[in-house]
1. For the list (1) surrounded by fewer than 18 Cβ atoms within 10 Å (Cβ to Cβ); (2) over 15 Å from ARG152 (Cα atoms), I need the number of the one condition that MET76 fails.
2. Only one residue in TRP81, TRP147 is aromatic (Phe, Trp, Tyr), in contact with an Asp or Glu (Cβ under 8 Å, 6 or more places away or on another chain) and within 27 Å of VAL19 (Cβ to Cβ). Which one?
3. Considering only segment 4-46, state which residues are acidic (Asp, Glu), modelled with pLDDT of 90 or more and either touching a strand residue (DSSP E or B) at 6+ places or on another chain (Cβ under 7 Å) or not in a helix (DSSP H, G or I) (or both).
4. If you take the residues of segment 171-201 that are under 25 Å from LEU62 (Cβ atoms) and among the aliphatic types (A, V, I, L, M), which of them is surrounded by the fewest Cβ atoms within 10 Å (Cβ to Cβ)?
5. If you check THR135 against the conditions, is it in contact with a helix residue (DSSP H, G or I) (Cβ under 9 Å, 6 or more places away or on another chain), in the same structural domain as ALA203 (by TED's automatic domain parsing) and of a type in the set (S, T, N, Q)?
6. Scanning segment 161-172 for residues that are in contact (Cβ under 8 Å) with a residue 40 or more places away in the chain and touching a His at 6+ places or on another chain (Cβ under 7 Å), which turns out nearest to GLU206 (Cα to Cα)?
7. Within segment 151-175, which residues are in a loop (DSSP other than H, G, I, E, B) and in contact with a helix residue (DSSP H, G or I) (Cβ under 7 Å, 6 or more places away or on another chain)?
8. Being in the same structural domain as LEU58 (by TED's automatic domain parsing), aliphatic (A, V, I, L, M), in a helix (DSSP H, G or I) and at pLDDT 85 or above is true for just one of ALA104, ALA130. Which residue is that?
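The values are calculated or read from the model by the stated rules, or taken from the named source; none is laboratory data. Note that the coordinates shown come from a computational prediction; the quantities given were computed from them, not determined experimentally. Here the Cβ is made from the backbone with ideal geometry for all residues, glycine too, and neighbour counts use every protein chain on show.
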Amino acid sequence: MTAIDRQREQAAAGLEQLVHLARAQAWRGGDGPALPPTQAGVLRLLSGAEPEQRAQRLVQRLGVSAASLSDTLKSMEARGWIRRRPDPADGRASLVRLDRQGRAVAARLAGAGRGMAGLVQGLHNADVAALLRVTQLLVAQAQEQGWATGLRTCLGCRYFRPFASGDAQRPHVCEYIGQPFGDLELRVECAEQQPADPEDFAANLERFRRPVPP
C-alpha cells in the first residue's frame, strides 16, 4: 500500500465517522431516539423543493430497495407523517407528500445546528467552498458507482459550465440564470437542475476535477 492509499483510507475513515455521528444527532428530537436513516431521508427530500415525489424516485435518490422504502412509508403513514395518492400519469405508481405532522417533524428536526449543519457552521467561507467542491466530486463518484440516481448537483446539471467565465473569483457559469459563480455558490440540491447528457457530464467532470483550472 502506498502512502497516498493510506491517506485515502484515513479520509474515508474520517468521513464515515462523521456520517455516523451526524446521523445519530441530526434527527434526534429532545430525549427521544434518532429516526431510522430512511425515514430521515424521506423527511428531508419531501421538505425540499419537490414536496411531492413518486415512491420510485425516492428509492433512486435514497439508494434503498423498493421493499425497504415500502416498509418505511407504511410506518410513516401510520404515524400521520405522509400521505400517498395514485399518480394520475401512471396508475401503477403512487405520489408521496408530507402531511401536516410530517412537515412539523421535518421543520423541528432539520433546524440549523443539527447534524452536519452544526459542524459546517464552524467553518470559514473558504473551507465551505472547498467542501462544496469536494462534495460535488463525491456525489459524482457515488452516482457512477450506482449508489443512487437523480441527485441534483451542479456538476450533474446540463446548465453547468465549469471554469467557463474567465473570472478567477467566479469561474463557473450557470446557463439557466446566465450568471457566473464561485465554489461557495455550488449547490448539492438544486430545484432547477436538469440532468446532463452522459457525454456532457463526463466532459464537465474531467474539467471540474483538474487540480489546476484550465
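1. Failing condition for MET76: (1).
2. Working: TRP147 fails: in contact with an Asp or Glu (Cβ under 8 Å, 6 or more places away or on another chain).
It is TRP81.
3. none
4. Of the residues in segment 171-201, the ones under 25 Å from LEU62 (Cβ atoms) are 186-198, 201.
Checking the rest, the ones that are also among the aliphatic types (A, V, I, L, M) come to 186, 188, 191, 196.
On the way: LEU186: 23, VAL188: 15, ALA191: 9, ALA196: 18.
Among those residues, the one meeting the criterion is ALA191.
5. Values: in contact with a helix residue (DSSP H, G or I) (Cβ under 9 Å, 6 or more places away or on another chain): no; in the same structural domain as ALA203 (by TED's automatic domain parsing): yes; of a type in the set (S, T, N, Q): yes.
Spelling it out, it is not the case that THR135 is in contact with a helix residue (DSSP H, G or I) (Cβ under 9 Å, 6 or more places away or on another chain), in the same structural domain as ALA203 (by TED's automatic domain parsing) and of a type in the set (S, T, N, Q).
6. PRO162
7. From segment 151-175, those in a loop (DSSP other than H, G, I, E, B) are 151-156, 158-159, 162-171, 175; that's our starting set.
Result: LEU151, THR153, CYS154, LEU155, GLY156, ARG158, PRO162, PHE163.
8. Numbers: ALA130 fails: in the same structural domain as LEU58 (by TED's automatic domain parsing).
Within the list ALA104, ALA130, the selection yields ALA104.
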